[in-house]
Amino acid sequence: MNRSRITFISASGLLATLALTSTVNAQDDLAQRLAARAEAAAKTIQDACSPDVTKFCSQVTPGEGRLVLCMMAHEDKVSDKCDHALYSAARNIERAIDRIEETADACWPDIEKQCSETTPGGGRVAQCLVAKKASLSKECAATIDKFSAKK
């Protein structure tokens with residue numbers, strides 16, 4: 001699978017995530033930062049790819065992944081600017097997922113013990129962990145410190 005196809009698949013995941021993120025009421029600083037980053041990524045992609053979408057997919061009705069599929073059908077013709085924006089967004093998504101996985105691996109026992117009553121979504125589990133940081137395992141607390149320091 002070539003880079004463009006992977007980029008478009010990743011971008012479709014980003015767009016789905018953005019749709020969910022936009023409906024979430026930001027509950028804490030972390031959620032607000034994530035929402036702001038997602039909105040910035042969406043704007044960057046929109047700005048970079050709008051001419052390509054207009055050129056190749058202007059007759060496509062948006063929704064249900066139709067624009068993504070249309071752009072994938074024209075992946076060999078997409079501008080370098082759009083390709084770079086999609087690739088950059090996909091890389092940022094990968095990094096965020098890596099952070100989530102690392103935190104989940106380090107904190108899973110603490111999540112089960114300290115935050116099992118917390119409804120997942122909207123950063124609520126992360127907020128629970130931060131609120132109960134003093135009672136978390138050393139490994140989990142260190143992981144939270146590590147990622148809280150990165151903006």
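For the pair Arg124 and Leu69, a Förster radius of 41 Å applied to the C-beta separation gives a FRET efficiency near 0.80, rounded to the nearest 0.05.
In this simple spin-label model, placing a label point 7 Å from the Cα along the Cα-to-Cβ direction at both Glu112 and Thr61 gives a separation of 4.7 nm. Taking 7 Å steps out from each Cα toward its Cβ at Ser50 and His84 produces label points 1.8 nm apart. Multiplying the residue separation of Glu39 and Arg95 by 0.36 nm and subtracting their alpha-carbon distance yields 18.5 nm. Whole-Hz Karplus values for segment 128-138 come out as 4, 4, 5, 5, 10, 4, 5, 9, 7, 4, 4 Hz, taken residue by residue from phi with 6.51 cos²θ - 1.76 cosθ + 1.60 and θ = phi - 60°; glycine and proline positions read x.
Rule-based calculations on the coordinates, nothing more; no lab input. Because the structure is predicted, anything quoted here is derived from the model rather than measured. Heads up, the Cβs are rebuilt from the backbone with ideal geometry, glycines too, and the neighbour counts pull from every protein chain shown.
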